[in-house]
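Derivation of every value follows stated rules applied to the coordinates shown; laboratory data play no part. For clarity, every value in this text was computed on a predicted model and none was experimentally measured. Here Cβ is always computed from backbone atoms with ideal geometry, including for glycine, and neighbour counts include all displayed protein chains.
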Amino acid sequence: LNTIEETQLWGCGSVMHLLQTVVKNTSIAQLWLVTRGSQSVLSKENNIIGLAGSSLWGLGRVVSLEHPQLWGGLVDLDPQTPEADEVEMLWQLLINEQQEEDHLALRGEDTYVARLAKQYPPEFPEPLSLSSDGSYLITGGLGALGLYTTEFLVSKGAKNIVLTGRRPPSEKIKELIEKLEQTGCKVTVLLGDISMEEDIVKILEQIQKSLPKLKGIIHSAGVLDDGTIQKMSWERFAKVMSPKVKGTWHLHKLTQNLELDFFVCYSSLASMIGSPGQGNYAAANGFMDALASYRHSIGLSGLTINWGAWASEGMAASLKVEHQNRLDASGISEISQKQGMYALDLLLGNQYAKAQVGVIAVQWQVLAENWSGIEKGSLLRELLQEKKEKLEEQETQKQKVKAEILAKLETALLEERLEKRKSEM
């Protein structure tokens, strides 16, 4: 973990300080962020050895939106290829004036590009049914999303749920827990800081001593401290990183030998496509995304869900008003509890082949029009092109219908004029 923290300080910390120093210099060359083995590229690839560098990909996507004039792109080098052999290939990528891609990965002699693609649910989804003789751990379980998830797991048959939090539950939350326990489910609240390894060890020991075997983990703990990179401090940055990076790593390390039905990380659209003013949060979630892919690649359960904005409650409710207004104006709609838990049901019940799935209600074309760096980048190119073609098709159809109506009107008017001439004659 010390290596991870040091790498992130030198990586994310250096990018933050660099931008704060040079952003006023309009003549600066483009900024490219380079990592090694931090991204899962090939389906059978299990050598994501650069996990610590994965946070740069989340941060980079925010840089592309806050400073589009400086943005070059992201490159992940092949961890199996000697550095000296990649220097020339990397150099040619960076000096190519015709380079239209900003999400690149080198693997051997091949160059891969990243694309965000739609994924459709199965036509006949399998219903999720949880074990009544197992325990399920929800970190951040006393928050809005944690409680949504608790109610969902209970509805799917869970009889033993452990909720963690740093502070005791409020009276309102106690009442909700009592209602859930009236259905026959045992809900245990264990206090602790998920970013502290000793706290997680104690929580797992208590589960092992007094509850059925742990069958699943949902890591929903997190904190927000929004601000542009230009105004960010490393102290604020690290505070947001802690539960996502340290917490996820500790949970992985301490449970990797357990046979879990699922290991789910609640991530964010911030790390998947970027979100202005959330560089620290995007970086934190970027690590979770990579770790879930790593677990998936070595045969362990692993899924990260990049949630969009939630309605009314949760961390989204604590966003600054101006940030929430910006999301609304950008075509990003809120996810209701019903919609979110329906998506979770599909993801857990149907064992998706992907380790990372975004659940986002968004109008892509509106987003592209409002976030200047989005359309410039290559990640959403196919989605935006698909939307553009659909709009053009709709406009063509609209013009066709309009032309048909005008033709009918002209025909009707001509017939009317002829009838009038006949009557005059």
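Using a Gaussian network model of the chain in which every pair of alpha carbons under 10 angstrom is joined by a spring, one finds that among Y120, Y136, Y342 the greatest mean-square fluctuation is at Y120.
Packing around the peptides 279-285, 55-61, 96-102, taken as the average count of other Cβ atoms within 10 Å per residue, puts them in this order, highest first: 279-285, 55-61, 96-102. With no solvent and one point per C-alpha, what does the Debye sum give as log10 I(q)/I(0) for region 107-216 at q = 0.19 Å⁻¹? Values, matching the q order: -0.95.
Would you kindly calculate the mean projected area, averaged across all directions, of the convex hull enclosing the Cα atoms of region 135-364, in square nanometres?
Details: hull surface 49.4 nm².
It is 12.4 nm².
Ordered by the number of other Cβ atoms lying within 10 Å of each residue's own Cβ, fewest first, R326, R167 fall into the sequence R167, R326. Rg/Rh for region 189-255 stands at 1.08; both radii use Cα atoms, and Rh follows the Kirkwood definition.
Each residue of the chain gets 219 Å³ once the volume of the Cα convex hull is shared out per residue.
Where Rh is the Kirkwood radius over the Cα pairs of region 2-113, the temperature 4 °C and the viscosity 1.567 mPa s, what D in µm²/s does Stokes-Einstein return?
On the way: Rh = 14.8 Å.
Calculated translational D: 88 µm²/s.
Can you give the relative contact order of the chain as a percent, counting alpha carbon pairs under 8 Å and 6+ residues apart? Don't skip to the answer; put the middle values down first.
On the way: 710 pairs, mean separation 77.1, N = 425.
For the chain, the relative contact order is 18 percent.
For S378, the amide hydrogen comes within under 5 Å of the amide hydrogens of D102, H103, counting only partners 5 or more places away or on other chains and with H modelled in the peptide plane.
With a 10 Å cut-off between alpha carbons and a GNM built on the chain, which of Q230, Q20, Q92 moves the most? Among Q230, Q20, Q92, the largest mean-square fluctuation in the Gaussian network model of the chain belongs to Q92. By the count of neighbouring beta-carbon atoms within 10 Å, fewest first, H252, H67, H219 end up ordered H67, H252, H219.
For S271, S170, S297, what ranking results if the residue with the fewest other Cβ atoms within 10 Å of its Cβ goes first? Please report the intermediate quantities before stating the final value.
Working: S271 31, S170 10, S297 18.
Lowest to highest Cβ neighbour count: S170, S297, S271.
Taking P169, P121, P79 as the candidate residues, the one with maximal mean-square fluctuation in a Gaussian network model of the chain, Cα springs under 10 Å, is P121.
Distant-in-sequence amide contacts of T304, defined by a placed amide H-H separation under 5 Å and a gap of 5 or more residues or a different chain, comprise C265, Q356, V357.
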